[in-house]
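Trainee: Take a look at this one; I'll ask things after.
The values are calculated or read from the model by the stated rules, or taken from the named source; none is laboratory data. As the structure is a computational prediction, the values presented were derived from the model and not from experiment. We place every Cβ from the backbone using ideal geometry, glycine too, and count neighbours over all the protein chains shown. Note: accessible area is taken over every heavy atom of the protein model, side chains too, but ligands, DNA and RNA are not part of it. Shrake-Rupley method; radii C 1.70, N 1.55, O 1.52, S 1.80 Å.
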Amino acid sequence: MAQVDNLPALVKRYGKELVYEYEIPKEAIAKFNAFKPDPIKPNESLLERMAARTEDWQSGPLFVESSKSPYKFVVVMEATAGEDGDAASLWQAGWNFENGLNRANPMAGLSRAGAKAGEKLKLTAVSAPVRFQSDSQVRVSMGLLNARNLNIETMHIVVISGVEGANWKEVLFAMRYALVGFVMFGLWWLWFRPRS
């Protein structure tokens, strides 16, 4: 199986632990490239569009532990733009459960605005995080809704568990309102304290 470039950095960026890595088979990629979506109807909403016919792929069974939630997966696609212009795709990405339930959400991001004809594209998108209430057997699923000006060459899926770590700048930025509150309280206390 071919590996995703800089996998440790990818895992660190989106979570804590690499759970599994899939390479979507060439046969499935050929079906994605040959897929012709249903024509868009006038005034069709995104919700109606998400219910349209898709070209689907799903992984083999994967065991997930609720204690390691949330889980998400990162899709890394290599493709070529056919002509000058936007190269775009829209997917339904999610999880299939043993009981037949499918939890999928729209996934954009596997796109590039203003691509050049013949340009090699490396595109990355991440699924919505999911918390599993109990240990489960699941499958990763990808359903192609639409693609234009893209010839997909390879697709890798990296399943990651846990919450990504924050660096000190991100922690400080998240605490900015608390810091402003402390400063305001300090100024108020200095201004209104009893004077002897």
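Trainee: Run the helix sum for the chain: -39,500 (n - 2.57) per DSSP H stretch of 4+ residues, divided by residue count, reported at 222 nm to the nearest 500 deg cm²/dmol.
Mentor: -6500 deg cm²/dmol
Trainee: Using Cα springs under 10 Å in a Gaussian network model of the chain, which residue among 97, 182, 73 shows the largest mean-square fluctuation?
Mentor: Top of the fluctuation ranking is 182.
Trainee: What nm distance separates the two modelled labels at residue 53 and residue 192, each placed 7 Å from Cα along Cα→Cβ?
Mentor: Taking the two extended label points, one gets 6.9 nm.
Trainee: Which aspartates and glutamates does residue 68 reach when only Cα atoms under 14 Å apart count, and residues fewer than 8 places away in its own chain are ignored?
Mentor: Counting by Cα, and skipping residues close in sequence, residue 68 has these aspartates and glutamates nearby: 17, 135, 164.
Trainee: Place +1 on the Cβ of every Lys and Arg and -1 on the Cβ of every Asp and Glu in the chain, take the dipole about the Cα centre, and give the residue among 180, 91, 81 whose Cα lies farthest towards its positive end.
Mentor: Toward the positive end, the furthest listed residue is 180.
Trainee: Run down the lysines and flag those whose C-alpha is under 24 Å from the C-alpha of residue 36, throwing out any fewer than 8 positions away in its chain.
Mentor: 26, 116, 120, 122
Trainee: Based on alpha-carbon atoms only, what is the radius of gyration of segment 61-171 relative to the globular estimate 2.2 N^0.38 Å?
Mentor: Against the compact-globule rule of thumb, the ratio is 1.23.
Trainee: Then there's this: What is the gain in length, in nm to one decimal, between residue 137 and residue 63 on full extension, counting 0.36 nm per residue of separation less the C-alpha to C-alpha distance?
Mentor: 26.2 nm
Trainee: Now, a different point. On average, how much accessible surface per residue is there in the chain, in Å², for a 1.4 Å probe, leaving out ligands, DNA and RNA?
Mentor: Dividing the accessible area of the chain by its residue count gives 62 Å².
Trainee: So for the chain, Kirkwood radius off the Cα pairs, Stokes-Einstein at 4 °C and 1.567 mPa s: how many µm² s⁻¹?
Mentor: Calculated translational D: 67 µm²/s.
Trainee: Follow-up question, since we're still on this one. Which far-off residues, 5 or more places away or on another chain, put their amide H under 5 Å from the one on residue 86, with H placed in the peptide plane?
Mentor: So residue 86 has HN proximity to 114, 115.
Trainee: Based on alpha-carbon centroids, what's the gap between segment 70-92 and segment 116-142 in Å, whole number please?
Mentor: 10 Å
Trainee: Under Stokes-Einstein, with the Kirkwood radius over Cα pairs standing in for Rh, what whole-number D in µm²/s applies to segment 48-95 at 4 °C and 1.567 mPa s?
Mentor: Rounded to a whole number, D works out at 89 µm²/s.
Trainee: Let me ask you something else. Which of 41, 26, 16 ends up with the largest GNM mean-square fluctuation for the chain, with Cα atoms connected below 10 Å?
Mentor: Of 41, 26, 16, the Gaussian network model singles out 41 as fluctuating most.
Trainee: Relative contact order, percent, of the chain when contacts are C-alpha pairs under 8 Å separated by at least 6 residues?
Mentor: Relative contact order of the chain: 34 percent.
Trainee: Let me ask something else. Gaussian network model of the chain, Cα springs within a sub-10 Å range: biggest mean-square fluctuation belongs to which of 134, 89, 59?
Mentor: Maximum fluctuation in the GNM of the chain, among the listed residues, is at 134.
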